[in-house]
1. Which one of these does residue 48 not meet: (1) at pLDDT below 65; (2) under 19 Å from residue 102 (Cα atoms)?
2. I need the full set of residues from region 76-110 which are part of a loop (DSSP other than H, G, I, E, B) and not acidic (Asp, Glu), in order please.
3. Looking only at region 96-142, filter to residues that are β-branched (Val, Ile, Thr) and in contact with a Gly (Cβ under 8 Å, 6 or more places away or on another chain); which one of those is farthest from residue 161 (Cα to Cα)?
4. Among the numbered conditions (1) on the phi < 0 side of the Ramachandran plot; (2) modelled with pLDDT of 65 or more, tell me where residue 29 comes up short.
5. Hey, does region 89-97 have a residue that's at pLDDT 95 or above, farther than 18 Å from residue 213 by Cβ and of a type in the set (Lys, Arg)?
6. Which of the numbered conditions does residue 61 fail, given that it passes all the others? Conditions: (1) surrounded by 15 or more Cβ atoms within 10 Å (Cβ to Cβ); (2) at pLDDT below 90.
Amino acid sequence: MTTTLDIFVALLQNLFKIHAVLDVQKKTNLLPGHRDFIRARVIAPIDASIQTLRIYEKITRTADDRLCADGRFPLDVASTRFCISIIPGKTNVSSLCALLTEFADAGHTLQVVLRGKDFTLLELSCMKSDNRNIIQGLYINPALKGWVEGDIDEVEGEAYGELPTIPHSSIFFLHYNMSEACYRLYPNKCDEGYEDAFELYQNVFLPRMRTARMNNEIPGLIYH
């Protein structure tokens, strides 16, 4: 039986198909200068306690619910931050926006830092202008972070804001959120005939997301 982690890994694997860059950051106990484990794949960290690895080919789930990068490097998904970026002229920007939006829809935390400010994203879109791909986004009102129950009208200000232009040089930060992913995939009234997570995701969840957008709703807000 598959789980929300299997879905998350499958979405990560799709990043390679559209030629996006996937780096991972995790805490390390390695002493400065010790590089036997990570070898030439290390990118110089800002914080000596943070280890950054670039994944070139694949990421898989292991039997003990951990991840394995390129068949060699073990990762604890709960303590790993995924960093996604664009290769100019190579990455399919439109597909990247759709894929990152799918992560956000599924309940995982997607963020970008612009002008020194953190934004938690609800969705991304790609607009063509003068043969350029303009990345635009919707971000959640910080007042809604951690908000689960109650009337959304009680939140001060708008539930979301707009980012009219997100530079292609931006890095998108992604965290696996198992509790939120399960909450969205298995609502109280879900069809009990679907036991496999992938089956439920493909046959129920994704159509629900498409229907929400057809009705001009923001899927990331309809669960709370």
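The values are calculated or read from the model by the stated rules, or taken from the named source; none is laboratory data. Keep in mind that this is a model prediction, so the values were computed, not measured. Ideal geometry is used to build each Cβ from the backbone, glycine not excepted, and the neighbour counts take in all protein chains shown.
1. (2)
2. Matches in region 76-110: 80, 86, 87, 88, 89, 90, 91, 92, 106, 107, 108.
3. 112
4. (2)
5. yes
6. (2)
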